[in-house]
1. Determine the relative contact order of the chain: mean sequence separation of Cα pairs under 8 Å and six or more apart, normalised by residue count, in whole percent.
2. How big is the dipole moment of segment 116-275 about its Cα centre under a simple scheme where the beta carbon of each Lys and Arg is +1, that of each Asp and Glu is -1, and everything else is neutral? Debye, nearest 20, please.
3. In segment 116-275, what % of DSSP beta bridges are antiparallel (nearest 5)?
4. Rounded to the nearest 5, what is the percent of antiparallel bridges among the DSSP beta bridges in segment 59-203?
5. Would you please classify the overall shape of the chain from the alpha carbon gyration tensor, given that a ≥ b ≥ c denote the square roots of the eigenvalues, rounded means a/c under 1.5, and beyond that prolate means a/b larger than b/c while oblate covers the rest?
6. Once a ≥ b ≥ c are taken as the square roots of the eigenvalues of the Cα gyration tensor of segment 154-219, is the result rounded (a/c under 1.5), prolate (a/b larger than b/c) or oblate (a/b not larger than b/c)?
7. For every helix of n ≥ 4 consecutive DSSP H residues, a contribution of -39,500 (n - 2.57) applies; sum these over the chain, divide by its total residues, and give [θ] at 222 nm rounded to the nearest 500 deg cm²/dmol.
8. What is the gain in length, in nm to one decimal, between residue 203 and residue 215 on full extension, counting 0.36 nm per residue of separation less the C-alpha to C-alpha distance?
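What follows draws every value from the coordinates through simple rules; no lab data is involved. Just so you know, these numbers come straight off a predicted model, no measurement behind them. Here Cβ is always computed from backbone atoms with ideal geometry, including for glycine, and neighbour counts include all displayed protein chains.
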Amino acid sequence: MPAREDIRDYLRREPVSILIEVVGAEGSTPRDTDAWMLVSERAIYATIGGGQLEHMAIDQARRALRLQTPPTRMNVPLGPQIGQCCGGYVSLDLTALDPQLACELIDRSDREMAARPHVYVFGAGHVGDALAMALSLAPLRVVLVDTREDELAASSVPRIETCLTAMPEAVVRDAPAGSSFVVLTHDHALDFLITAEALRHPDPAYVGMIGSKTKRATFRNWLSREIGQPELFGRLVCPIGGTAVKDKRPAVIATLAAAEIMTAALSWSAKANQLSISAPAGSSSNSAPISR
């Protein structure tokens, strides 16, 4: 059952809006030229970085909406003059929304969403639910996977997808390159099965399993005996969230693990982007400016 933030809901509610895009960013700035937001008289969608710069942009957009005048470009030096200490220079384009631009924004938003790193959380118990909640705040595509319909139905985490399946290891096989896999089901044998499949994935960003030193050692023996590929063990993060903080509360484990997973996912994406620099001419970026 898919569930994700979507620009379509905003556009249905606020068809009279202004698009604000960062079209120039020099020096230290809150966001780069992939940032954009929509502003209506009573709502906003997304952000260009917050702070005084965003406040000024929102104010100018709403003034244009109230007066029904064309919005104009903003060229803003960031510094003491506006009470923002970044020190860079930002150019913003403000454009009144029309049906064609709305369609272009939907397409852009869909492409940006599709490009988000995938994170599969196996197990919708207390820790899995808390982890899915923590990850839902990040620019990730989070999928909560479980074999139990009741547990998935009980989850109320926003902006994620849920997957009910009798064969969670098949979800791993179908996952794209750069996916992260976090295994914390209700059954150790199922944990081992899913984790082994994740370790055999050709290009994971992260493979983690909840557990202790004892569970880690048991899994290592199982992997060698049942799978015959002990060399895969080096990819595994277990226990998830590190060992520096000795706290077993689900929210604490989830917070620590979420930072770990986000770091791994962004590191993988950065390496992939470096490789794409040498891509053939004509390839397009997922964050290309809106064409008008």
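1. Dividing the mean separation by the residue count of the chain yields 16 percent.
2. Charge dipole, segment 116-275, about its Cα centre: 580 debye, nearest 20.
3. Percentage antiparallel, nearest 5: 0.
4. Of the beta bridges lying entirely in segment 59-203, close to 25 percent run antiparallel.
5. Prolate is the answer for the chain, as a/c is 1.5 or above and a/b outweighs b/c.
6. Oblate, since a/c reaches 1.5 and b/c is not below a/b.
7. Mean residue ellipticity, 222 nm, calculated: -12000 deg cm²/dmol.
8. Taking residue 203 through residue 215 to full extension adds about 1.9 nm, to one decimal.
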